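Accompanying notes for the structure given below.
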Amino acid sequence: MYKHLHTRLFYAAAILILFYADWKYDLPWYSYLLWCICFLLTVSWGVYFMQLNYFMVSLCKGSADKKQIAITFDDGPLREFTPAVLDILKSENVPAAFFLIGKNISGNEDLVTRMLAEGHLIGNHSFYHDFWFSLHLKKRMTADLKKCEKEIFRVSGKRTTFFRPPYGVINPAVAKAIKQCNYHSIGWSVRTYDTGAKSAEKLLQKSLKNLENGDVILFHDWGQHTIGILSDFIREVKNRGFKIVSLNKMFGVEPYRT
């Protein structure tokens, strides 16, 4: 909340200056409109880009000193796609983190069990993944997170400390819900947009473009071309000298509560 606090203080000072300038120089009415637009744009930027840590600190990228990356998948488990993703990860012998939607777990318990058995991490991605999640009140968000946490615990016996907000949107209510549930907010530094990729080739190029030390890659279990490029992506990453590590090793935090 510190950046948001500083922003409010800055714009509060700016509006006082604007009032004084208006009193002295009779500024046009749209000066206030421009002030409002600038303030709203600043806050909106912080809401939609969690990497800015505007409302809270999110773990989005690891150390630039280590030649390593982490791979993450959102929105599973999904019977149609997740097994193929797990097969590739097992074949390439690399770990990943899966951020699970709670309502998708029922009927796919074996996939969650397999994730853990094969050395992958699991995290909370909300229970419903509601499109309007970020507009709910904190109480409703908290209930949603706890419902997903309960479902994960039912299957795995683990209480994850990792939470990735739906769509990566963080506002004051989301930040408070995450803190109240005592989660680490997990973001990404490379958003592949795999769910809307036009072709596997373009997705592979985009995923590898400007890859840097410490990058956290965001894929989705159900990305149309994700499965098609995953092996090639992993092999090219290794060819470039990167080591693929789990998120807990990347950030040095515990993935589960004891």
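The values are calculated or read from the model by the stated rules, or taken from the named source; none is laboratory data. Small disclaimer: the values here were computed from a predicted structure and weren't measured. Cβ atoms come from the backbone with ideal geometry, glycine included; neighbour counts cover every protein chain shown.
Looking across the range 41-96, the residues that are hydroxyl-bearing (S, T, Y) and at pLDDT 95 or above come down to S58, S63, T72, T82, S91. In summary, helices (runs of 4 or more DSSP H) completely within the range 107-210 and bearing 3 or more residues that are within 20 Å of A96 (Cα to Cα) occur at 109-117, 138-156, 200-208. Across the range 208-258, the number of residues qualifying as among the hydroxyl-bearing types (S, T, Y), surrounded by fewer than 20 Cβ atoms within 10 Å (Cβ to Cβ) and touching a residue at least 60 places away in the same chain (Cβ under 8 Å) comes to 3. The residues on offer are E151, E80, and the sole one that is in the same structural domain as A173 (by TED's automatic domain parsing), closer than 27 Å to S207 by Cβ and among the acidic types (D, E) is E80.
Which ones in the range 93-103 are buried (at least 17 other Cβ atoms within 10 Å of the Cβ) and either over 21 Å from T161 (Cβ atoms) or more than 18 Å from the chain's Cα centre (by Cα) (or both)? Hit for the range 93-103 is V94, nothing else.
Looking across the range 66-85, the residues that are within 17 Å of I234 (Cα to Cα) and touching a strand residue (DSSP E or B) at 6+ places or on another chain (Cβ under 9 Å) come down to K67, Q68, I69, A70, I71, T72, F73, T82, V85. Within the range 16-34, residues that are of a type in the set (F, W, Y) have Cβ atoms under 9 Å from residues that are in a helix (DSSP H, G or I) in these pairs: Y32/I15; Y32/L18; Y32/D22, counting only partners at least 6 apart in sequence or on another chain.
Let's see how each residue does on (1) within 30 Å of L5 (Cα to Cα); (2) without any contact (Cβ under 8 Å) to a residue 40 or more places away in the chain; (3) of a type in the set (G, A, S):
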residue	(1), (2), (3)
G107	no, yes, yes
T113	no, no, no
E118	no, yes, no
F127	no, yes, no
W132	yes, yes, no
K139	yes, yes, no
A175	yes, no, yes
K179	yes, no, no
D194	no, yes, no
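Taking the criterion of being closer than 26 Å to T161 by Cα and not small (G, A, S), the residues of the range 209-225 that qualify are E212, N213, D215, V216, I217, L218, F219, H220, D221, W222.
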